[in-house]
Amino acid sequence: MKEFPYKGEYITLQQVMKVLGVIGAGGDAKGFLSEIEVKVNGERETRRGRKLREGDVLNILDYGETILKAKDSDSL
């Protein structure tokens, strides 16, 4: 399982997918989520704006599992 560090209280699903290279642009998220199975903490997710927080586990079909780790601004 990979770790994904981020700053702040949360990060959206769309932002994570973009940084991971799953989608090319934010506008691609809606179509991707309607066609490819994406799970957050074991449950299917279709909302691109879903807020992900520390410890959430993201599983994208054919991309694997990623756990979110909050970092303070000095760490990144």
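Data for the structure
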quantity	calculated
Residue match in the range 61-68 (condition: surrounded by 17 or more Cβ atoms within 10 Å (Cβ to Cβ) and not in a strand (DSSP E or B))	no
Of the criteria (1) in contact with a helix residue (DSSP H, G or I) (Cβ under 8 Å, 6 or more places away or on another chain); (2) modelled with pLDDT under 95; (3) among the charged types (D, E, K, R), which one Arg50 fails	(2)
Check on Asp28, modelled with pLDDT under 95, surrounded by 11 or more Cβ atoms within 10 Å (Cβ to Cβ) and out of contact with any Cys (no Cβ under 8 Å at 6 or more places or on another chain)	yes
Flag for Gly21 being out of contact with any Asp or Glu (no Cβ under 8 Å at 6 or more places or on another chain), loosely packed, with under 11 Cβ neighbours inside 10 Å and modelled with pLDDT of 95 or more	no
Candidates Leu13, Leu33, Leu52 - the one that is buried (at least 17 other Cβ atoms within 10 Å of the Cβ), out of contact with any Lys or Arg (no Cβ under 8 Å at 6 or more places or on another chain) and in contact (Cβ under 8 Å) with a residue 12 or more places away in the chain	Leu52
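Yes or no, residue by residue, for (1) part of a loop (DSSP other than H, G, I, E, B); (2) under 21 Å from Ala70 (Cβ atoms); (3) not β-branched (Val, Ile, Thr):
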site	(1), (2), (3)
Pro5	no, yes, yes
Gln15	no, yes, yes
Val19	no, yes, no
Ile23	yes, no, no
Gly27	no, no, yes
Ser34	no, no, yes
Lys39	no, yes, yes
Thr46	yes, no, no
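The values are calculated or read from the model by the stated rules, or taken from the named source; none is laboratory data. Since the structure is predicted, the reported quantities are computational estimates derived from the model, not experimental observations. Cβ: placed from backbone, ideal geometry, glycine included. Neighbour counts: every protein chain shown.
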